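The values are calculated or read from the model by the stated rules, or taken from the named source; none is laboratory data. What you see is a predicted model, and the numbers here were worked out from it, not measured in a lab. Every residue, glycine as well, gets a Cβ built from its backbone with ideal geometry; the counts of neighbours run over all protein chains shown.
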2 protein chains.
Amino acid sequence: MTEPRTSLTLEAPLDARAVDLHAATTIVDGLQISNWDRKTLEELRAGGISGVNATCAVWEGPADTLKAIGDWYQLAAANPDLVALATTSDEIRQAKIDNRIAVLLGFQNTSSFGDDFRMVEVFHRLGVKIAQLTYNIQNLVGGACYEPKDSGLTRFGHTIVAEMNRVGMLIDLSHVGNKTSLDAVEASVAPIAITHSNPTWFVENPRNKPDEVIRAVTGAGGVLGCCLYPLVIGGKEAVLKDFCQMVARLVNELGPGRVGLGSDCTRNWDDEFVGWLRNGRWQPEGETKATWPEWPEWFVGPEDFPRLTDGLDKAGLDEQAIRGVLGENWLNLFDDVFTGRKI
Amino acid sequence: MTEPRTSLTLEAPLDARAVDLHAATTIVDGLQISNWDRKTLEELRAGGISGVNATCAVWEGPADTLKAIGDWYQLAAANPDLVALATTSDEIRQAKIDNRIAVLLGFQNTSSFGDDFRMVEVFHRLGVKIAQLTYNIQNLVGGACYEPKDSGLTRFGHTIVAEMNRVGMLIDLSHVGNKTSLDAVEASVAPIAITHSNPTWFVENPRNKPDEVIRAVTGAGGVLGCCLYPLVIGGKEAVLKDFCQMVARLVNELGPGRVGLGSDCTRNWDDEFVGWLRNGRWQPEGETKATWPEWPEWFVGPEDFPRLTDGLDKAGLDEQAIRGVLGENWLNLFDDVFTGRKI
């Protein structure tokens with residue numbers, strides 16, 4: 001994200017009730033993939049966010065992931081007033097009290113495990129609490145949202161799901177293929193998340209999820225994190241009211257405990273990084289250079305989270321439901337999954 | 001392979017005609033995965049073999065593969081009277097004249113490329129001339145023979161096939177899934193090999209190939225290397241005559257230029273290695289420890305190659321066809337593929 005922030009004064013001022021509710025809630029963002037530094041973390045604090053699943057690997061293998069985790073340890077050590085690495089919901093609740101950001105380290109791929117199932121426990125011990133099974137294309141674990149054919153969950157994938165269940169690492173299906181997603185729900189003995197996607201009935205896109213997948217995930221105790229990334233909301237022309245009405249409909253259809261937010265904020269990157277996300281090392285760059293999409297004026301970064309609270313209030317959700325969406329549902333899911341399972 | 005060799009005197013002595021034909025032919029083994037040392041290489045010389053596709057990676061990633069290649073450079077440098085690393089058919093023909101073994105470095109997986117298509121050229125420049133697309137289970141490139149669901153050739157797989165075509169690295173489908181195999185034949189602009197498998201009509205096994213795959217490969221100018229590994233010939237009770245009749249039938253059905261041999265010899269390993277082949281790092285070892293299969297008495301290693309020449313003669317193949325099966329068909333395929341293709 002290189003464009004300048006847009007002021008919160010763009011639209012009508014927020015209701016005082018929404019402002020109070022926002023301030024009183026432990027807010028958790030289901031996923032951000034920003035280029036983290038003190039300034040970027042301060043944006044979260046400005047937005048009232050207390051916990052975030054921060055992506056520290058997308059295409060990286062084990063060795064490069066260790067470096068990314070080392071960077072996080074350094075950043076946390078250098079900014080103890082602002083950030084704390086967390087591995088429990090209680091630590092996120094405490095961060096709210098301390099006015100800090102609790103960071104859960106997360107992967108958007110299982111490439112960090114390489115070909116070795118033992119790496120699940122290794123990275124779990126290093127603080128990684130959430131891992132998406134696949135990122136955009138087929139990997140050793142399963143099919144992905146931009147791969148024309150979906151292998152389903154592979155033999156290695158079954159090993160990985162069982163190992164994640166055992167150690168207590170949350171499985172994320174956001175960029176995963178639909179067949180692999182359904183297989184994963186069936187294979188997993190713990191609830192699963194979609195940390196940052198919307199329903200295809202909201203925007204038809206490979207990154208969004210058909211009802212079958214959403215119902216499988218939430219029916220098994222999981223949570224869908226509604227996503228603000230321009231691609232999955234219909235671009236920069238998307239309307240806040242429509243987004244909040246989508247969330248309200250999901251809450252009504254799936255139940256108040258099953259919906260959260262996963263902004264997919266991509267702050268502080270240059271265009272080279274979006275090329276990396278697009279192509280990794282798996283294909284040549286091609287003639288068209290990848291560029292970041294433009295975000296809607298009402299949501300360009302974490303500081304705009306209060307708008308969502310206001311919008312959810314205006315969409316008719318009650319206070320308890322809004323608290324659930326803003327963070328409580330993630331916290332409950334983390335409490336459930338992070339304990340691990342006997343396999 | 002830990003069992004002792006069986007003497008060539010087990011069965012009836014070889015026909016003098018077969019012995020002469022064997023000695024006059026440039027013999028190429030389409031694949032061996034032995035634990036190479038001077039003694040193991042001398043077995044090839046004793047068997048009259050001049051060229052071999054020697055596996056130097058199965059589950060290894062890029063860094064471990066570099067080590068394996070370094071080991072080969074050391075072994076070749078220490079035994080210049082016996083072995084030469086080769087990258088052309090002419091070097092194999094020269095090795096025959098010099099009474100040496102020409103070794104083509106080969107992979108049984110694309111794990112050596114990691115997630116980076118550029119590694120195809122890197123390893124090609126280091127002397128790797130043949131790579132199997134997948135080994136037993138799903139990988140980034142495609143589905144495999146022991147993976148219940150076959151993804152087909154993935155998006156990364158299409159990149160890899162194009163890159164192998166470009167640099168002139170032979171694609172091998174032996175452990176690849178059938179759907180991925182058919183996709184690869186369609187995607188490749190150069191002929192493809194099955195270096196070490198038999199038809200399923202000979203022995204029904206996931207490692208053997210249905211007619212559809214064999215005909216696709218050989219119809220596109222490729223070669224099927226008939227395999228001696230116990231699993232794919234029916235175990236240690238398999239009969240030499242049956243094997244040679246299978247080869248003769250394939251020659252008659254597919255044409256004299258389309259059939260070769262790929263013994264899959266596994267000399268000089270202990271049981272730990274077969275556990276590595278079986279489980280890699282992708283699943284726990286389980287309760288049953290993997291062990292090597294027993295080979296039939298008439299073929300326990302490279303020294304038994306003359307038996308095959310005798311058997312092919314007795315199966316009614318003419319001299320030209322036998323020369324093709326023993327090596328000329330591989331040499332012609334290498335000449336064709338190793339030049340590379342403009343993509």
### Message
Looking at A:207, A:166 in this structure, which one is assigned to a helix (DSSP H, G or I) and of a type in the set (Lys, Arg)?
### Response
A:166
### Message
Can you confirm whether residue A:256 is modelled with pLDDT under 95, within 27 Å of residue A:214 (Cβ to Cβ) and away from every other protein chain (no Cβ under 14 Å)?
### Response
yes
### Query
Does residue B:83 satisfy being farther than 18 Å from residue B:196 by Cβ, over 16 Å from the mean Cα position of the chain (by Cα), within 14 Å of chain A (Cβ to nearest Cβ) and of a type outside the set (D, E, K, R)?
no
### Message
Looking at the structure I just gave you, is residue B:105 touching a residue at least 24 places away in the same chain (Cβ under 8 Å), more than 12 Å from chain A (Cβ to nearest Cβ) and farther than 29 Å from residue B:48 by Cα?
### Response
no
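Just to be sure before I move on: is residue B:64 farther than 15 Å from residue B:168 by Cβ, surrounded by 19 or more Cβ atoms within 10 Å (Cβ to Cβ), within 14 Å of chain A (Cβ to nearest Cβ) and among the charged types (D, E, K, R) in the structure I sent?
No.
State all residues of the range A:277-327 that are part of a helix (DSSP H, G or I) and within 14 Å of chain B (Cβ to nearest Cβ); if no residue qualifies, say none.
Start the filter on the range A:277-327 by keeping residues that are part of a helix (DSSP H, G or I), which leaves A:277-279, A:302-314, A:319-327.
Correct list: A:277, A:278, A:279.
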### Query
Is there a residue being under 24 Å from residue A:188 (Cα atoms) and either buried (at least 24 other Cβ atoms within 10 Å of the Cβ) or aromatic (Phe, Trp, Tyr) (or both) anywhere in the range A:295-315?
no
### Message
Quick check on my filter: what residues within the range B:169-182 are within 14 Å of another protein chain (Cβ to nearest Cβ) and of a type in the set (Val, Ile, Thr)?
### Response
B:176, B:180
### Message
Of all residues being in contact with a Gly (Cβ under 7 Å, 6 or more places away or on another chain) and closer than 23 Å to residue A:230 by Cβ in the range A:175-215, which is surrounded by the fewest Cβ atoms within 10 Å (Cβ to Cβ)? Just the residue, please.
### Response
A:203
### Summary
Exactly one of B:195, B:218, B:200 is touching a Pro at 6+ places or on another chain (Cβ under 6 Å) and either among the aromatic types (Phe, Trp, Tyr) or modelled with pLDDT of 95 or more (or both), and that one is B:200
### Query
Can you name the residue in the range A:216-244 that is of a type in the set (A, V, I, L, M) and assigned to a loop (DSSP other than H, G, I, E, B) and, of all such residues, is farthest from residue A:306 (Cα to Cα)?
A:220
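With within 14 Å of another protein chain (Cβ to nearest Cβ), out of contact with any Phe, Trp or Tyr (no Cβ under 8 Å at 6 or more places or on another chain) and outside any loop (DSSP other than H, G, I, E, B) as the only criterion, which of A:213, A:185, A:161, A:247 stands out?
Numbers: A:213 fails: within 14 Å of another protein chain (Cβ to nearest Cβ); A:185 fails: within 14 Å of another protein chain (Cβ to nearest Cβ); A:247 fails: within 14 Å of another protein chain (Cβ to nearest Cβ).
Matching residue, one of A:213, A:185, A:161, A:247: A:161.
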#### Entry: Selection within the range A:123-141 - outside any strand (DSSP E or B) and either away from every other protein chain (no Cβ under 14 Å) or over 26 Å from residue B:141 (Cα atoms) (or both)
A:123, A:124, A:125, A:126, A:127
### Task
For the range B:250-262, state whether one or more residues are surrounded by fewer than 15 Cβ atoms within 10 Å (Cβ to Cβ) and within 21 Å of residue B:337 (Cα to Cα).
yes
### Query
When the residues of the range B:142-158 are filtered to those that are surrounded by fewer than 24 Cβ atoms within 10 Å (Cβ to Cβ) and within 25 Å of residue B:330 (Cα to Cα), which remaining residue is nearest to the other protein chains (Cβ to nearest Cβ)?
B:158
### Message
Taking the criterion of being touching a residue at least 60 places away in the same chain (Cβ under 8 Å), more than 14 Å from every other protein chain (Cβ to nearest Cβ), assigned to a strand (DSSP E or B) and farther than 27 Å from residue B:136 by Cβ, would at least one residue in the range B:93-101 satisfy it?
### Response
yes
### Task
Can you confirm whether the range A:263-274 contains a residue that is under 21 Å from residue A:316 (Cβ atoms) and in contact (Cβ under 8 Å) with a residue 40 or more places away in the chain?
no
### Message
Which numbered condition in (1) at the interface with chain A (Cβ under 10 Å from one of its Cβ atoms); (2) out of contact with any strand residue (DSSP E or B) (no Cβ under 9 Å at 6 or more places or on another chain) is the only one that residue B:166 fails?
### Response
(1)
### Selection from the range A:135-163 of residues that are aliphatic (A, V, I, L, M) and touching a helix residue (DSSP H, G or I) at 6+ places or on another chain (Cβ under 6 Å)
A:137, A:140, A:141, A:153, A:161
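The rows are residues; the columns are (1) basic (Lys, Arg); (2) loosely packed, with under 15 Cβ neighbours inside 10 Å.
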site	(1), (2)
A:219	no, yes
A:224	no, no
A:237	no, yes
A:268	no, no
A:289	yes, yes
### Message
Can you confirm whether residue B:15 is closer than 26 Å to residue B:296 by Cβ and surrounded by fewer than 20 Cβ atoms within 10 Å (Cβ to Cβ)?
### Response
yes
